[in-house]
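Visitor: Sharing a structure below in structure tokens format, with a few things to ask.
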Amino acid sequence: MSAMTANPRVTSLPVAAARIAAAAFCLAALAGCGIVPKKETISIYAPETHVQPDPAWPTVKWQLQIPRPHASDLLDSSRIVVRPADGELQVYHGATWATPVPDLVQDAVLEAFEDSGRIAGVTRRGAGVSGDYALLLDIRRFDSDYAGGKVPNAEVQIVAKVLANDSNQVIATRMLHKTVAADGVAVGEVSRALGKALNDAMQELVGWTLVETQKFDQARPAPATTPPARKR
């Protein structure tokens, strides 16, 4: 009679589970060695603007619409643009604006006209509120520029056009260009300089818009009136 040999029972993990366990072990080992990159911290900046009403500014009765400003693809984003040398454009890493630049400028324009206290109403175009005039803005520059120096300047350049909505006529155009020296090369210092340049541009924009539209209104011929019918 031959002896029976008992085979030991072997318990094994399913293939998929074994692979997952191995992958988890490898990731843990890589993280412990510092090979897996850490998530980059992003700093978010939001320039503050506040205009000071000028006693020379007229008070007007018309309403103003502010369409979203136009900008190039590079500026139509939340990236903070820097010019380290002539003809070279880069963006600051680990830093963004709170909103894309056109939205940032549009918000600043709305707040500036509201703070002026000289206008009957101002609103974004498309908000369902009619307007007598529209303010069209083209953002040409919103960046820091080293211009061969060690500390950059903040550059804000905006082309503004006032449009009479009833005739679709551009009644005035102005180039706004403000330069403010940054206190240093840090992104926070650059952001503050750009905020100051934007505030200076808003101060000029509000006064110019109020004056030009008032001149246009005063030059308009008075509307024709129909004489009353004669009694028979």
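Visitor: Look through D143, D183, D166 and report the one residue that is farther than 23 Å from P55 by Cα and at pLDDT below 95.
Guide: From the options D143, D183, D166, the qualifying one is D166.
Visitor: Another question, if that's okay. Would you check which residues across the stretch 115-165 are of a type in the set (S, T, N, Q), over 14 Å from A182 (Cα atoms) and in a strand (DSSP E or B) and list them?
Guide: Filtering the stretch 115-165 for residues of a type in the set (S, T, N, Q) gives 116, 123, 130, 144, 153, 157, 165.
If we keep only those that are over 14 Å from A182 (Cα atoms) too, we end up with 116, 123, 130, 157, 165.
Listed by number, the residues that qualify are T123, Q157.
Visitor: Does the stretch 120-158 hold any residues that are more than 16 Å from the chain's Cα centre (by Cα) and of a type in the set (D, E), and which are they?
Guide: D132, D145
Visitor: Same structure again: Of (1) in a helix (DSSP H, G or I); (2) in contact (Cβ under 8 Å) with a residue 12 or more places away in the chain, T96 satisfies all except one. Which?
Guide: (1)
Visitor: Here's a follow-up. For the subset of the stretch 148-168 comprising residues that are in contact with a helix residue (DSSP H, G or I) (Cβ under 9 Å, 6 or more places away or on another chain) and more than 25 Å from P84 (Cβ to Cβ), which member is surrounded by the fewest Cβ atoms within 10 Å (Cβ to Cβ)?
Guide: Restricting attention to the stretch 148-168, the residues satisfying the condition of being in contact with a helix residue (DSSP H, G or I) (Cβ under 9 Å, 6 or more places away or on another chain) are 151-158, 160, 162, 164.
Filter once more, so that each one left must be more than 25 Å from P84 (Cβ to Cβ): 160, 162, 164.
Values: A160: 21, V162: 20, A164: 18.
Only one residue fits best here, namely A164.
The values are calculated or read from the model by the stated rules, or taken from the named source; none is laboratory data. In this text, all values refer to a predicted model and were calculated from it rather than measured experimentally. All Cβ positions, even for glycine, are placed from backbone atoms using ideal geometry, and neighbour counts span all protein chains on display.
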